[in-house]
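Visitor: Before I ask anything, let me first share the structure, which is written out below as structure tokens.
The values are calculated or read from the model by the stated rules, or taken from the named source; none is laboratory data. This is a predicted model, so every value here is computed, not measured. Using ideal geometry, Cβ is built from the backbone for each residue, glycine included, and neighbour counts are taken over all protein chains shown. SASA here: full protein model, heavy atoms, side chains in, ligands and nucleic acids out. Shrake-Rupley method; radii C 1.70, N 1.55, O 1.52, S 1.80 Å.
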Amino acid sequence: ATHSGEVTGSGALTIADNIVDEANLKVSNSPTNGYMLTAQSGNTGGLTWVEAGGGDYVKLYHSDISGAASYTFNVFNSSVYANYKVYIDKFTTGGNGEQLKLRFRNSGGDITNSDYEWQYVQTYFDGSNSSVNVLTSMVGEYVPINSGLTSTSYVGSAILEITGIVPVSNVSRPTVHWTSLGWGDSSSIRRFYTAASQLNRTVTNCSGFTLYSNQNFVGNVSIYGVKK
């Protein structure tokens, strides 16, 4: 018999060049546009389509904020990402002595109860004198990312590491570890924080966070997810 089509020959049979397509592959899942084929020895056919990207550290969102009193990120995905890292750049506020604050969200709404506990070390410099303040324990309705901000001061390099988002038996106590630097051009004041905070309550669906201040602010926010 003479075979034609994808397999050709009348004796030894061969697969024709440039003929094997996706339908001929034995793959464990269905293809998605933009995905790539990877080796997964434990899966059907030893092959699996996966999302292309930069690995387990994935940029999820970026926003340039202008003239807002709050910024909400509401797309935590605990089935994919275990932890998050947030970069805050060049935040200024419309009033003097303001704070940049953070609240977690549960099922799409801000958590406003007085269940936030935090500790921090603050170094302070006013142009001629410096001091170090250690706050061992504090409870309130929000997390203070930085304080003493003005329309000419910046949170120059705030980095937030948000953990504890993945529920364990439907119980999650999200935490945030942060470092931030704020300064004022006119008074030469510098405030540097290194701190950690925990929301001391059960959260069944931590859906995101809100940054806010008592005055409108401008700035940039970039959010990355760390895959499980």
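Visitor: Asp126 to Val226: FRET efficiency via 1/(1 + (r/R0)^6), r the Cβ-Cβ distance, R0 30 Å, to the nearest 0.05? If you can, show how the numbers build up before the last one.
Guide: Details: r = 38 Å, r/R0 = 1.25.
Step by step, r from the Cβ atoms, then E = 0.20.
Visitor: Related question: Under 18 Å between alpha carbons: how many lysine pairs meet that in the chain, if sequence neighbours fewer than 8 apart on the same chain are excluded? Present the calculation step by step, with values, prior to reporting the outcome.
Guide: Working: Lys59/Lys85; Lys59/Lys227; Lys59/Lys228; Lys85/Lys101; Lys85/Lys227; Lys85/Lys228; Lys90/Lys101.
Going through the chain pair by pair, I get 7.
Visitor: Continuing with the same structure: List the equivalent ellipsoid semi-axes of the range 82-130 in whole Å, largest first, each obtained as the square root of 5λ for an eigenvalue λ of the Cα gyration tensor.
Guide: Taking √(5λ) for each Cα gyration eigenvalue gives 28, 15, 14 Å.
Visitor: Identify which of the listed values of Rg/Rh (Cα atoms, Kirkwood Rh) was calculated from the structure shown: [x] 1.23; [y] 0.99; [z] 1.02.
Guide: [x]
Visitor: Something else about it: If ligands, DNA and RNA are left out, what is the accessible area of Lys90 with a 1.4 Å probe, given in Å² to the nearest 10?
Guide: Looks like 120 Å² after rounding.
Visitor: Right, something else. What FRET efficiency would be calculated for the residue pair Arg201, Ser66, taking the C-beta separation as r and a Förster radius of 41 Å, to the nearest 0.05? Each step should come with its number before you reach the end.
Guide: Numbers: r = 33 Å, r/R0 = 0.81.
That gives a FRET efficiency of 0.80.
Visitor: Please list Leu37, Leu211 from largest to smallest accessible area, probe radius 1.4 Å, with all protein chains kept in place. Before the final figure, lay out the partial values.
Guide: On the way: Leu37 70, Leu211 0 Å².
Final ranking, largest accessible area leading: Leu37, Leu211.
Visitor: Also, quick follow-up: With a sphere of radius 14 Å drawn around the Cβ of Ser30, what net charge do the other residues whose Cβ falls strictly inside it have (Lys, Arg +1; Asp, Glu -1)?
Guide: Details: positive: Lys26; negative: Glu22, Glu51.
Its environment carries a net charge of -1.
Visitor: Return the sequence-ordered ³J(HN,Hα) values of the range 43-52 in whole Hz as given by the Karplus equation 6.51 cos²θ - 1.76 cosθ + 1.60 applied to θ = phi - 60°, using x for Gly and Pro.
Guide: Per residue, the Karplus-derived 3J(HN,Hα) values read 9, 4, x, x, 9, 8, 7, 9, 5, 6 Hz.
Visitor: Out of the DSSP beta bridges found with both residues in the chain, what percent are antiparallel (nearest 5)? Could you put the intermediate results ahead of the total?
Guide: Details: 87 of 87 bridges.
Percent antiparallel among DSSP bridges in the chain is about 100.
Visitor: Measuring from label point to label point, each 7 Å out along Cα→Cβ, what is the Thr32 to Tyr87 span in nm?
Guide: Inter-label distance under the simple model: 2.5 nm.
Visitor: Please report, as a whole percent, how much of the solvent-accessible surface of the range 1-150 comes from carbon and sulfur atoms (probe radius 1.4 Å).
Guide: On the way: 4100 of 8900 Å².
Whole-percent figure for carbon plus sulfur exposure: 46.
Visitor: Multiply the residue gap between Val50 and Glu6 by 0.36 nm, knock off their C-alpha separation, and tell me the result in nm, one decimal place.
Guide: Numbers: separation 44, 0.36 × 44 = 15.84 nm, distance 2.74 nm.
Gain on stretching Val50 to Glu6: 13.1 nm.
Visitor: Tell me the net charge near Val221. Cut-off is 10 Å between Cβ atoms, Val221 excluded, with +1 for each Lys or Arg and -1 for each Asp or Glu. List each step's numbers first, then the result.
Guide: Working: positive: none; negative: Asp64, Asp89.
Spelling it out: positives minus negatives among the neighbours equals -2.
Visitor: Still on this structure, I have one more. How would Thr202, Thr210, Thr136 line up by accessible area, probe 1.4 Å, largest first? Don't skip to the end; give the middle numbers.
Guide: Working: Thr202 70, Thr210 5, Thr136 95 Å².
From most exposed to least exposed: Thr136, Thr202, Thr210.
Visitor: May I ask you to derive the relative contact order of the range 1-87, considering only C-alpha pairs under 8 Å and at least 6 residues apart, and to give it as an integer percent? Working shown, then result.
Guide: Details: 67 pairs, mean separation 12.9, N = 87.
Result for the range 1-87 is 15 percent.
Visitor: Ignoring ligands, DNA and RNA, what accessible area per residue does the chain give at 1.4 Å, in Å²?
Guide: Details: 12160 Å² over 228 residues.
Accessible surface, normalised per residue, equals 53 Å².
Visitor: Residue farthest toward the positive end of the dipole of the range 1-114, with Cβ of Lys/Arg at +1 and Asp/Glu at -1: which of His3, Asn29, Phe73?
Guide: Farthest towards the positive pole: Phe73.
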